[in-house]
Amino acid sequence: MNRTYNSVGLLSRLFFYMLVLSMLFVWAFSLSAAESPVEKTLSNGLKVILLENHKAPLITFQVWYRVGSRNEEWGKTGLSHMLEHMMFKGTEKIGPGQFSKIVEENGGDENAFTSTDYTAYFENIGTDRIEVPIRLEADRMQGLLLREDEFKVERSVVMEERRLRTEDEAKALLREGVEATAFQVQPYHWPVIGWMEDIEGFTLNDLRRHYDTFYRPSNAFIVVVGDFNKKTLFPLIEKAFGAIKGVPAPRQDRMREQLQKGERRIVVKKEAQLGAITKAYHVQTIMDDDSYSLDLIQTLLSSGESSRLYRKLVQEQQLALSVDTDNHSMSKDPNLFTISADIMPGKTAEEVETALTAEIERLQQEPVGERELEKAKNQIEASLMFMRDSLFNQAMILAEYEIVASWKDLDNYIPRIRKVSSQDVMAAARKYLVPDNCTTGVLVPLPVKEGKDIDSGSSGGEHTIR
């Protein structure tokens, strides 16, 4: 029996290390085709980050604006997402719907997405058509036309999007309720898409003010990754974007959440196939040393079938169909560490919560073994290497770091993960994963009406659908 167990364990470890080595090979190939990023800032305040990677004749061109749902106000939630939709409705030079058509005709694809901290637009296209996204993005950074008829139609589209993605989705409603309960004053209180009554009350003037305030060169930056020569690309970008008037960037400070002094609970009752539970704890951003310990806790708890929560709740105790954790450290303001589970039919939220609490207490009381901790660090490093193989993901990672702090901090991530000790993990669990810092949400499933299709939820960000 022991011999069989050890053989399986050896094979598992060999498979894992082969996987890591294969990812290292992929990453080494990617690095051989890439150079280090460079940064320049135009006279109007627009920052440009360029990363050459010549492994394929393609580029990803991304424009990131430092505006998301955190930059909105009570009663006007969802403006950033609504404006993202309107950015495809034309300028004085480009008619409604023509932006996407032009990109497609040139063999590219495009889209946009809004989050709590940013709104981003991207085009993936062949190197020989690189002037297309430069021309189009420069045009709508300064020349967007907001028309009443287009606005009314698109507002209805966004309202329907909210109905489909949130109000008809039990787990999305649960997530929205947990965040609204955990954050009492900070703008992360409201969803990225906004509250329905706010969307319904939008005016064209609301959008104009939002565009004029936040869509300016000093409040944006460009990231380009791919097969180009930075010595020739930068002058093209400077010529297109440099003529846009430079004005100071708007202030980015927002109200901060006060220390939570007691557990909060919310119950959501909604038609659903399964019950669910989410526990959310206030944590710091990537700028804080504790975030690296929390990233390792996330990996230890839910990364793969050998993770602690999967083994205990799914395989051994059969209390949950799935478990997941997320350390939301890549955000402008302190955010949440969440633990979520889909409850097995016939089991209760109380049983699942008891099992989750037991695993958290284990982290707080028992040092993580050296082998388990090293495995978690290897998983994080391999995952990052795999993500960075794609041109699009390379640009995304650079941009997300730039939103929170600086893209230059990215090189420090793995070294800081490597420095985390088992004592650091235990200290972070004791500091953050405690009842007084927790908001617990429970989804109570109601019977599904006959003929109604029930989905499982939607993603956290809001993407434009056209």
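Computed from the coordinates by the stated procedures, all read-outs in this text should not be read as laboratory data. Keep in mind that what you see is a predicted model, and the values were worked out from it rather than measured. Cβ atoms come from the backbone with ideal geometry, glycine included; neighbour counts cover every protein chain shown.
Step through the table entries LYS231/LYS408; LYS377/LYS431; LYS332/LYS375; LYS47/LYS245, compare each Cα-Cα distance with 23 Å, and write down the pairs that go over it.
Over 23 Å Cα-Cα: LYS332/LYS375.
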- Task: Just add up the charged neighbours of ASP290: K/R +1, D/E -1, any other residue whose Cβ is under 14 Å from the Cβ of ASP290.
- Result: 0
- Note on the structure: Per DSSP, the loop-located chymotrypsin sites (Phe, Trp or Tyr not before Pro) within region 311-406 having at most 13 other beta carbons within 10 Å are none
- Mean separation of Cα pairs under 8 Å and 6+ residues apart, divided by the residue count of region 264-460: what relative contact order is that in percent? 39
- Task: Quick one: order MET87, MET344 by neighbouring beta-carbon count within 10 Å, fewest to most.
- Result: MET344, MET87
- Say each of GLN317 and SER390 gets a label point 7 Å from the Cα, pointing the same way as Cα to Cβ; how far apart are those two points in nm? 3.4
- Query: Roughly what would the spin-label model give for GLU197 and ALA427, points 7 Å off Cα along C-beta, in nm?
  - Reply: 4.6
- Task: Answer rounded, prolate or oblate for the chain, using the Cα gyration tensor with square roots of eigenvalues a ≥ b ≥ c: rounded when a/c is under 1.5, else prolate when a/b is larger than b/c, else oblate.
- Result: oblate
- Going by a ≥ b ≥ c, the root eigenvalues of the Cα gyration tensor, does region 247-336 fall in the rounded group (a/c under 1.5), the prolate group (a/b larger than b/c) or the oblate group? prolate
- Message: Defining a contact as two alpha carbons under 8 Å apart and six or more residues distant in sequence, what relative contact order in percent does the chain show?
- Response: 22
- Task: Mind checking the full-extension length gain between GLU105 and ASN412? Use 0.36 nm per residue of separation minus the Cα-Cα distance, one decimal, nm.
- Result: 106.5 nm
- Message: At 30 angstrom or more along the helix axis (alpha-carbon based) and mean Kyte-Doolittle of 0.5 or higher, what helices does the chain contain? Whole DSSP H runs only.
- Response: 2-33
- Under a plain spin-label model, where a point goes 7 Å from the Cα along Cα-to-Cβ, how far apart in nm are ILE266 and GLN98? 4.4
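Suppose R0 equals 25 Å. What FRET efficiency, 1/(1 + (r/R0)^6) with r the Cβ-Cβ distance, do LYS152 and ARG209 give to the nearest 0.05?
Efficiency at R0 = 25 Å is approximately 0.90.
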- Task: Kindly state, to the nearest 0.05, the FRET efficiency for GLU35 paired with THR354, given R0 = 41 Å and r defined as their beta-carbon distance.
- Result: 0.20
- Message: Could you tell me which residue out of THR77, ALA249, LEU309 lies farthest along the dipole of the chain toward its positive end? Charges go on the beta carbon: Lys and Arg +1, Asp and Glu -1, centred on the Cα centre.
- Response: ALA249
- Note on the structure: Once Lys and Arg are counted +1 and Asp and Glu -1 for all other residues with Cβ under 10 Å from that of SER422, the total becomes -4
- Top positive-direction residue, dipole computed over the chain with Cβ charges, set PRO235, GLY346, GLY108: PRO235
